[in-house]
Amino acid sequence: MLQTFLPLFAMTFLICLFIVLMQFLWRYIDDFVGKGLSIDVLAELFFYAALTLCPLSLPLAVLLASLMTFGNLGESLELLAMKASGISFTKIMRPLMIFIFCLAIGAFFFQDRVLPVANTKMYSILLGIKNKSPEMEIPEGVFYKMDVGSNDTYNIYVQSKDPKTGLLKNVTIYIFSGSNIEDATVTTADSARIQSTLDGGHLKLTLMHGEQVGTFKQNNRQRSNSNHPQYRRESFELKEVFIPYSNDFEKTDESMIASRHVGKNLAELSASVAELDQRIDSINQEYGRQLVQTTYYKSVETKQRQDTVFFTQVKESPINLDSIYSSLSPAQMVQVAEKARDHSSIVIGSFNTRKEMQAAEYKNRSYHEIEMHRKFTLSIACLLFFFIGAPLGAIIKKGGLGVPVIVSVLFFIIYYIIDNTGYKMARDGNAEPWLGVWLSSIVLAPIGIFLTWRALNDSALFDWDAYKIFFIRNGKKIINFLKKHGFVTKNFQKDFKALLRKKITTEDQ
């Protein structure tokens, strides 16, 4: 059994890995073209990418190899010969069950030890490639932040790009010098071109038909002596801006990626989840304390404690705010309205900021918990796909690359869709992280149990003659049940009995 299974498993695993690796290539092909990357960089990237794609290829390879193995044995009647010799189906599967169990243990250690390192290395190279020749990376419709390594930070917005000429249209550039927002410079242009200089040390930005607004740079003493910053405005037909930038390929700092959920092992993820829980609890307690100490809540709470008749008095003689507001002068009305508006805006902005911070913390925690559960899903997926593929191959009795490939692809598509749906539900907070990660396993486990049970009982799951015999033996009971509940008539009963008694030829089958 092992001699039959292992070559098929190695072949299908390499084929599946090659397919998903080509998918990875087409996904990032735009990032590689025109960057002048060396063969060493690309080879290193594809090596680590192949490691990160093993969790996607391994379950499919197990399913396809087990289905082909038992399909070939069933088609050549070897499976029947083994059963006729007194060897049960469980004993036939035993060597492969031991191998798959060991493979599942190895997959867990791969997910826990190898995959975080591979993710860190791969994303470090990918981000380094994205930062190389940034004129190829400026997206449309969003701000692109370019850190040039000095105190200046460039935020570039491009409404649209012409892929043939490389012309950027409706360009807006925000240049921030240091942390002081008063030193910002805003440049707008109808069109622009961006390209690297020959020495590779600068980006040449050619702006056409625009204007530039900014402040004169002042030191802290000049800024403190002047009440208002000195602004400058410039209109131009053609303007060239040189941005210092290194065009050499450099990997992104791996420590930044290793601190994220994709670069941590199980122990680090568990510690991070506990730390995030503690941080979320402290943030919630702080927000609750601030809410209790707000002026309105505190005044109501104080009056409620000191005077129990406070709410009764308000109910009997309510305060007419409209009359109080109308008694004010027009200038006072405007002042009160502006203060109320400003206060409302501050409160709304404060709560929106807190909400975004809390959502970011909860989302980060969900990512860590999802990754912690995914350390086990690969091992369980290998076991499930084996207990689906092996019984299904014994039942279908078709080998080769025809029927097994079709069946395997259908099962894997179902698994992939359910797994991605559960992952997105858990990531977006619509489901618990454990439920989203284990959803595909929960759905496929009953299928594996059912197929294994049918194979152990030598069930003819796809034998249509067996279904014909079942209907012939139980046709009267079915008709009587349907007739009792008013689903069929007497004529239908006669026609159905005649159909069951009819001798079916090979052509009709």
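The values are calculated or read from the model by the stated rules, or taken from the named source; none is laboratory data. Note that the structure is predicted; figures quoted are calculated from it, not measured. Using ideal geometry, Cβ is built from the backbone for each residue, glycine included, and neighbour counts are taken over all protein chains shown. Calculation scope for accessible area: heavy atoms of the full protein, side chains included, ligands and nucleic acids excluded. Shrake-Rupley method; radii C 1.70, N 1.55, O 1.52, S 1.80 Å.
Listing for the model above:
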{"item": "Probe 1.4 Å - accessible area at D40, Å² to nearest ten", "result": "120"}
{"item": "Solvent-accessible surface (1.4 angstrom probe) belonging to L291, in square angstrom, nearest 10", "result": "90"}
{"item": "Long-range amide H partners of S191 with built H, under 5 Å", "result": "N170, V171, M208"}
{"item": "Net charge over other residues, Cβ less than 13 angstrom from the Cβ of W438 (K, R count +1; D, E count -1)", "result": "-1"}
{"item": "Protection-proxy order for peptides 334-346, 438-450, each taking the mean of Cβ atoms within 10 Å per residue, highest first", "result": "438-450, 334-346"}
{"item": "FRET E, pair Q3, A271, Förster distance 45 Å, beta-carbon r, rounded to 0.05", "result": "0.50"}
{"item": "Distance (nanometres) between label positions extended 7 Å along Cα→Cβ at E140 and S259", "result": "3.6"}
{"item": "Spin-label zone in region 400-434 - amide nitrogen under 11 Å from a point set 7 Å from the Cα of I19 along the C-beta vector", "result": "405-413"}
{"item": "Distance violations [Cα-Cα > 23 Å] among K251/K375; K169/K204; K121/K355; K145/K424", "result": "K251/K375; K121/K355; K145/K424"}
{"item": "Accessible area of C102 in the full protein assembly, 1.4 Å probe (Å², nearest 10)", "result": "80"}
